[in-house]
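The values are calculated or read from the model by the stated rules, or taken from the named source; none is laboratory data. It should be emphasised that the depicted structure is a prediction, and the values quoted were computed from it without experimental measurement. Counting neighbours? That spans all protein chains shown, and the Cβs are built from the backbone with ideal geometry, glycine included.
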2 protein chains.
Amino acid sequence: MRASRVVMTGSQTVTDVDGERDATQLILQDIQSGIYAPGTWLKQIDLETRYGRGRNEIRRALDRLALKRVVEHVPNRGYHVYLSDGKQWDDIAEIRIMLETGIAGKVIAHATTADIAGLRDLANRFQGLLLSGTVLELYEANLAFHRAYVDLAGNVELHSVIAELRQRTSSAPVSQWHTRSRIEVSAAEHHEMVNAIEGKDEMRLRTLIERHIRQK
Amino acid sequence: MRASRVVMTGSQTVTDVDGERDATQLILQDIQSGIYAPGTWLKQIDLETRYGRGRNEIRRALDRLALKRVVEHVPNRGYHVYLSDGKQWDDIAEIRIMLETGIAGKVIAHATTADIAGLRDLANRFQGLLLSGTVLELYEANLAFHRAYVDLAGNVELHSVIAELRQRTSSAPVSQWHTRSRIEVSAAEHHEMVNAIEGKDEMRLRTLIERHIRQK
DNA sequence: GTTGACAAAATTGGTACCAATCCTATTTAC
DNA sequence: GTAAATAGGATTGGTACCAATTTTGTCAAC
């Protein structure tokens, strides 16, 4: 019998006290790590043995990922990793720009000195991983920075919306930063964003965010 | 044996040729119709008999709705309709404003005369249902208008994002328009929005959308 | 009269099994 | 030699069953 269980509904993480993670998260992580390339068929038996879970949990996980558009479901054929085209990436980037620039004013108004210090820490952490960290660690650090930024708007729903959008581009971690120089630019942009918040320069912050997400 | 089956993955509608709808949609519709009030426990056996579906499909539907935050899942207790508080409604409205005002420029740039005529038709349809239609019909007509507007931005991802946001406020159809005068104002605002698009007045369109969504 | 404990019923959630469907390899006909 | 047909194997997806947990109803004690 389990002592207790922490279950957060919605699109958030589902974990329990043993440190075991939900099969959905495990499969998602493996897809985002590039272990399952886009187009690969995800056979239920393989997943069953790989993650040591029952058939039922695997089925539920695949159904959830299909809902999140991470995998695609073909009746009587199975589930395969979604092949994201260029337009999808652009569309999602555009939505993220609308949302993250949209809250710029609120963030600047609400941000305390402690909040700004927290953001700077996360920006430094990303920069620190630039040399030693793996791609996945960098991805997580970048995610943490953006999450902290979005949190400053005080909109709890926005959090899950953006998290979901990020998950739709499954191969994001692999394709996003293929060159070291691009990662260095990202790290620098993080610091510039913090500076803009500190200086209460909303227009500059908006410009920075748009360039940062669009990455060009 | 079935002749053919139309399956659209993701958060969109799942229907087949017989007109039978997915259990997820049926339950969602009943929640939005107010048949299942917020806080009500959704017992699997009841749903099983009501919709004439197997236990498995009901479980999958409830899991999906829990992921969409329409219902909440409590382990070993079951699923109950989510109680949306005031802040959640405000947060979602804010996100919708950011997105629907964010695409205003693109919509004005891309809209042809045919597109504008289509929008006006939908605005008229909403107005026509004002006297004779049920609350659910009005809800659907309003949805159709906003969907058509969003489509003009040419962002296919945005479509599903907004659809998902709308579903999160489960009791929306009931609580949104309790007074007839409010519905009349909404109908008038639809026409004003079309006029703003036709006149290529972006700032006016943005102001209208914000007021229309916030409803105050 | 109220509170607590205990038993019974109901509900959830997981596991196992089996049918329907699809892919693959071998065989056969041309 | 090539292409179609067929048999075999593998995979998905639904159904039924059963154990674990919770709630409800009853009874006794204070």
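Could we say that A:LEU62 is closer than 27 Å to A:ARG21 by Cβ and surrounded by 20 or more Cβ atoms within 10 Å (Cβ to Cβ) here? I'd like the intermediate steps shown before the answer.
Values: closer than 27 Å to A:ARG21 by Cβ: yes; surrounded by 20 or more Cβ atoms within 10 Å (Cβ to Cβ): yes.
Yes, satisfied.
Does segment A:8-25 hold any residues that are modelled with pLDDT of 90 or more and under 16 Å from A:ARG69 (Cα atoms), and which are they? Steps first, please.
Just the residues of segment A:8-25 that are modelled with pLDDT of 90 or more, to begin with: A:23-25.
Passing the criteria: A:THR24, A:GLN25.
Check B:TYR149 against each of (1) in contact with a helix residue (DSSP H, G or I) (Cβ under 7 Å, 6 or more places away or on another chain); (2) within 13 Å of chain A (Cβ to nearest Cβ) and name the one condition it does not meet.
Among (1) in contact with a helix residue (DSSP H, G or I) (Cβ under 7 Å, 6 or more places away or on another chain); (2) within 13 Å of chain A (Cβ to nearest Cβ), B:TYR149 violates only (2).
Would you check which residues across segment A:57-83 are near DNA strand D (Cβ under 8 Å from one of its atoms) and at negative phi and list them? Talk me through it step by step, then tell me what you get.
Applying the first criterion (near DNA strand D (Cβ under 8 Å from one of its atoms)) to segment A:57-83 yields A:59, A:62, A:73-79.
Listed by number, the residues that qualify are A:ARG59, A:LEU62, A:HIS73, A:VAL74, A:PRO75, A:ARG77, A:TYR79.
Considering only residues that are farther than 19 Å from B:LEU67 by Cα and touching a Lys or Arg at 6+ places or on another chain (Cβ under 8 Å), look in segment A:48-84 and name the one that is farthest from the other protein chains (Cβ to nearest Cβ).
A:GLU48
Okay, residues lined up against (1) touching a helix residue (DSSP H, G or I) at 6+ places or on another chain (Cβ under 6 Å); (2) outside any helix (DSSP H, G or I):
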site: A:ASP46; (1), (2): no, no
site: A:LEU62; (1), (2): no, no
site: A:TYR79; (1), (2): yes, yes
site: A:LEU83; (1), (2): no, yes
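Give me the pairs, please: first residue somewhere in segment A:191-216 and touching a residue at least 40 places away in the same chain (Cβ under 8 Å), second residue anywhere and assigned to a loop (DSSP other than H, G, I, E, B) and among the aliphatic types (A, V, I, L, M), beta-carbon distance under 9 Å, and either six or more positions apart or on two chains.
Once the first residue is touching a residue at least 40 places away in the same chain (Cβ under 8 Å) and sits in segment A:191-216, its partners that are assigned to a loop (DSSP other than H, G, I, E, B) and among the aliphatic types (A, V, I, L, M) give A:ILE197/A:ALA111; A:ILE197/A:LEU152; A:GLU198/A:ALA111; A:LYS200/A:ALA111.
Looking at B:MET203, B:MET193 in this structure, which one is within 15 Å of B:ILE116 (Cα to Cα) and either at pLDDT 90 or above or assigned to a helix (DSSP H, G or I) (or both)?
Values: B:MET203 fails: within 15 Å of B:ILE116 (Cα to Cα).
Matching residue, one of B:MET203, B:MET193: B:MET193.
Quick one: which of B:LEU119, B:LEU158, B:LEU143 is assigned by TED's automatic domain parsing to the domain that holds B:ARG206, part of a helix (DSSP H, G or I), more than 16 Å from DNA strand D (Cβ to nearest atom) and surrounded by fewer than 19 Cβ atoms within 10 Å (Cβ to Cβ)? Reasoning before the result, please.
Values: B:LEU119 fails: surrounded by fewer than 19 Cβ atoms within 10 Å (Cβ to Cβ); B:LEU158 fails: surrounded by fewer than 19 Cβ atoms within 10 Å (Cβ to Cβ).
One residue alone meets the criteria, B:LEU143.
Being away from DNA strand D (no atom under 16 Å from the Cβ), farther than 26 Å from A:GLY199 by Cα and within 14 Å of chain B (Cβ to nearest Cβ): is that true of A:ILE97 here? Steps first, answer last, please.
Numbers: away from DNA strand D (no atom under 16 Å from the Cβ): yes; farther than 26 Å from A:GLY199 by Cα: no; within 14 Å of chain B (Cβ to nearest Cβ): yes.
So A:ILE97 does not fit the description; no.
Tally the residues that are within 16 Å of the chain's Cα centre (by Cα) and hydrophobic (A, V, I, L, M, F, W, C), restricting the search to segment B:88-104.
6
Can you spot a residue in segment B:33-44 that is modelled with pLDDT of 90 or more, part of a helix (DSSP H, G or I), away from chain A (no Cβ under 11 Å) and within 13 Å of DNA strand C (Cβ to nearest atom)?
yes
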